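A quick write-up on the structure given underneath.
Taken together, the values in this text are just the output of simple stated rules run on the coordinates, not laboratory data. Computed from a prediction, not measured in an experiment: that's the story for all the values here. Here the Cβ is made from the backbone with ideal geometry for all residues, glycine too, and neighbour counts use every protein chain on show.
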Amino acid sequence: MLIDGKLVEGASTFENVNPATEEVIGEVADGTVADAETAIAAARRAFDETDWSTDRVFRKRCLEQLHDALDREREVLRSQVVAEAGAPILLTYAIQLDSVIEDMQWDIELIDRYEWERELGVHEFFGMRSARNVRKEAVGVAALITPWNFPFMLNISKLAPALAAGNTAVLKPAPDTPWSATIIGRLIAEETDIPDGVVNVVPSGDPAAVGEVLTGDPRVDLVSFTGSTAVGKHIMARASDTLKKVFLELGGKSATIVLDDADFSEVLPSAPMICTHAGQGCAITTRMLLPRSRYDEGIAIVAEAFERFTFGDPTDPSFMMGPLISAKQRERVLAMIEQGKQEATLLVGGGPATQFDKGFWVEPTLFGDVDPDHTIAQEEIFGPVLSVIPYEDDDDAVRIANNSRYGLSGAVTGGSLDRAIGVAERVRTGTLAINGGQWFAPDSPFGGYRQSGVGREHGIEGFEEYLETKTLGLPA
Ligand code: NAD
C-alpha cells in the first residue's frame, strides 16, 4: 500500500491469481478500514495544508515524473496486466497500457492549456456595477474506485485528471487486479516528488470494506467510480449522506445497428471482435441488430466468423481473447448462457472452453433470433456472448437500440454515411462508432446515458468532473 508517502505492507495479505492458469502470482497487502481512514486523513491534510492544489507548475513537473517512471516500467506493467487480468498481450500495445501512457500527456499538458480563470465583464444589479471572475479549482479529496477489466487504464484515467486538477486521492483497485495500482503507488513513492499524502493506494481482498469507508467518510469530497451499475447505485446512495460529488462509469448493453444497405461481407466478419478480452468491456457492442429482410444472409456470415474465431493464452500475441477474470465470473456468464438457451437460438459455443486444464474459460457464444426483451438482450453478461436481434426498419432498429436501461455506447454501419449519422443521432447513448469510425481518444469524452452512469471520463468534460467552480464578484 501507499499511505501518507510510505510504502506499507499491511497486517495481512490476499492472493493475486492469474485467471489463465489459476496460479497465485503474488501476495498483496490487505487494506483494512483503519488503513483507509489513515489514507483519507493523509489525503485531507495534503489537500488542506500543502500548496499541491494551487501550485500548477509543481504539479505538472510531478506528473511528468510519474509519466516517465511509468514509461520506464512499461514492460513490467505489461507482464503484470497480462498476468493478473488475463488481458491479451496484444491489447497492452494499445488500450490496456501503451496508449494509456501516451494519453496521460494530454492531461499533463492540459494543466497549461486549461482556462482556469475567466472574466465575465460588468453586470449591473440593483444599481450596483460589478465585475465577475470565475475560477476553477480542485474539488478536494477524491476517492478513486476501479474495476478489474482494464485496471491500469482505469487507474490512470482517474488519477491523471484528478491530480492534474489539483486534488489529492485515495485509489482503491479491484481485489482481482491490485498490482496495476500498487505499482503506481511504488513509482510515486520512489520516483516522483509528489508530496506525502497526495496519492494513497489501498488495495483490499474484500471488495467492499475499503470502498464503504471512502464513500461514507465526510473528509472525502468526490467519488469517482467505475464498475457495475448495482455498486454504482449503492455508492450514489451512500455518498448522498455527505453530498459528495459523484462520478459514475457503469455498465452497458450497447447495440450495433447494421443498416440494410451495409456491405455485409465487409462489415460482419469482424463480429467476433466483441469477444475481445473475453467480452469484459463495458462499451462492447454485445447486441447486434440485423435487418429482417437480410437476416439469414447476415447471421450466416456472423456464425461462420464465430466458428473461425480463435482464442487462448493471453501471453500469445495472436489472440484477442483470454479467460474470464475469476471462477465466480465464469459461473455468472455460464448461467446467463443457460438462460439464453431457454430464450433464443444458440448458434455457436454455449459452454466452458474445455480444452484448457486450468483457468476460467468460456467459449465465444452466438445467439440468434433474440427478442429485444429477452434477458440476454437486456442484462450485461460481461462475457464473450453476442445476441443478434432482427429488426423491421430504421425506426424499429432505433427503438430496439434504445430499449435498454443502459446507454453507454453503440455503432451504426450502412452504405450511406448520412443515413448512418441520422440513425446514430436518434440512439440515446454516450458514444457511437459510425461506419467504422473510432470515438476513443484522450480528448473524447466517454460515459453513459441512463443507468450507464453520471458524468464523463476523458476530454475536457472528464477533467471538469474533478473541478469546482468559484465565482468572485468585484467592484467595477
Ligand atoms: P464492481 O462494481 O463489482 O466493482 C468495481 C469496484 O468497486 C471494485 O474496486 C470493487 O472492489 C468496488 N466495490 C465493490 N463494492 C463496493 C462498495 N460497496 N463500495 C465501494 N466500492 C465497492 O465491478 P467489477 O465486477 O469489478 O467490474 C465490472 C463492471 O464494471 C461491469 O459492470 C462493467 O460494465 C463496469 N465497467 C464500466 C466501465 C465504464 O467506463 N463505464 C469501464 C469498465 C468496467
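Considering only DSSP beta bridges whose two residues both sit in region 319-474, what percent are antiparallel, to the nearest 5?
In region 319-474, approximately 50 percent of DSSP beta bridges are antiparallel ones.
Around V17, which amide H atoms from residues at least 5 apart in sequence, or from another chain, sit under 5 Å from its own amide H, with H modelled in the peptide plane?
I25
Classify region 193-350: rounded, prolate or oblate, from the alpha-carbon gyration tensor (a ≥ b ≥ c, eigenvalue square roots; a/c under 1.5 rounded; otherwise prolate if a/b is larger than b/c)?
Working: a/c = 2.40, a/b = 2.08, b/c = 1.15.
Because a/c hits 1.5 or more and a/b exceeds b/c, region 193-350 counts as prolate.
Quick one: of K244/K470; K6/K136; K6/K245; K328/K358; K158/K233, which pairs are farther than 23 Å apart, Cα to Cα?
From K244/K470; K6/K136; K6/K245; K328/K358; K158/K233, over 23 Å: K6/K136; K6/K245.
Report, in deg cm²/dmol and to the nearest 500, the calculated mean residue ellipticity at 222 nm for the chain, where each DSSP H run with n ≥ 4 adds -39500 (n - 2.57) and the sum is divided by the residue count.
The per-residue figure over the chain is -11000 deg cm²/dmol.
Can you compute the FRET efficiency between A300 and I25 using 1/(1 + (r/R0)^6), with r the Cβ-Cβ distance and R0 = 35 Å? Round to the nearest 0.05.
Once the sixth-power term is evaluated, E becomes 0.25.
In whole angstrom, note down how far apart the Cα centers of region 228-259 and region 431-476 are.
Centre-to-centre (Cα) distance: 15 Å.
May I ask which residue of P317, N155, M236 lies farthest towards the positive end of the charge dipole of the chain, with charges of +1 (Lys, Arg) and -1 (Asp, Glu) on Cβ and the Cα centre as origin?
Towards the positive end, the residue furthest out is M236.
Taking the Cβ-Cβ separation of R308 and E9 as r and a Förster radius of 35 Å, what is the calculated FRET efficiency to the nearest 0.05?
0.15
Going by a ≥ b ≥ c, the root eigenvalues of the Cα gyration tensor, does region 397-476 fall in the rounded group (a/c under 1.5), the prolate group (a/b larger than b/c) or the oblate group?
Taking the square roots of the gyration eigenvalues as a ≥ b ≥ c, region 397-476 is prolate.
Give, in nm to one decimal, the length gained when the segment between D196 and D373 is fully stretched (0.36 nm per residue of separation minus the Cα-Cα distance).
Values: separation 177, 0.36 × 177 = 63.72 nm, distance 5.18 nm.
Contour length minus Cα-Cα distance gives 58.5 nm.
Quick one: grab the alpha carbon gyration tensor of the chain, order the square roots of its eigenvalues as a ≥ b ≥ c, and give me rounded if a/c is under 1.5, else prolate or oblate depending on whether a/b is larger than b/c.
Verdict is oblate for the chain.
About its Cα centre, what dipole magnitude does region 176-238 give when the only charges are +1 on Lys and Arg Cβ and -1 on Asp and Glu Cβ, stated in debye to the nearest 20?
Approximately 320 debye in magnitude.
As I understand it, the value is the acute angle between the Cα axis of helix 179-191 and the longest principal axis of the Cα atoms of the chain; what does it come to in degrees, rounded to 10?
Helix 179-191 sits at roughly 30 degrees to that axis.
Please arrange T215, T50, T471 by counting, for each residue, the other beta carbons lying within 10 Å of its beta carbon, fewest first. Write down the numbers at each step before the final one.
Working: T215 26, T50 16, T471 9.
Ascending number of Cβ neighbours within 10 Å: T471, T50, T215.
Tell me, C282, C62 in order of fewest to most beta-carbon neighbours within 10 Å?
Ordered by Cβ neighbours within 10 Å, fewest first: C62, C282.
Sorted by packing (mean other beta-carbon atoms within 10 Å per residue), highest first, where do 310-322, 135-147 land?
Answer by packing, highest mean first, reads 135-147, 310-322.
Using +1 on the beta carbon of Lys and Arg, -1 on that of Asp and Glu, and nothing else charged, what's the dipole of the chain about the Cα centre, debye to 20?
Working: 42 positive and 74 negative charges, 237 e Å.
Roughly 1140 debye, rounded to the nearest 20.
Which of Y93, Y295 comes first, and how do the rest follow, when ranked by fewest Cβ neighbours within 10 Å?
Ranking Y93, Y295 by Cβ neighbours within 10 Å, fewest first, gives Y93, Y295.
Restricting to the chain, what percent of DSSP beta bridges are antiparallel, rounded to 5? List each step's numbers first, then the result.
Details: 32 of 66 bridges.
Antiparallel bridges: around 50 percent, rounded to the nearest 5.
Ordered by packing density, taken as the mean number of other Cβ atoms within 10 Å over each peptide's residues, highest first, how do 154-165, 454-465, 430-441 rank?
In decreasing order of mean packing, 154-165, 454-465, 430-441 become 154-165, 454-465, 430-441.
Distance between the C-alpha centers of region 263-282 and region 130-152? Whole Å please.
Between the Cα centre of region 263-282 and that of region 130-152, the gap is 34 Å.
Roughly how many whole Å is it from the C-alpha centroid of region 328-401 to that of region 1-16?
That distance is 39 Å.
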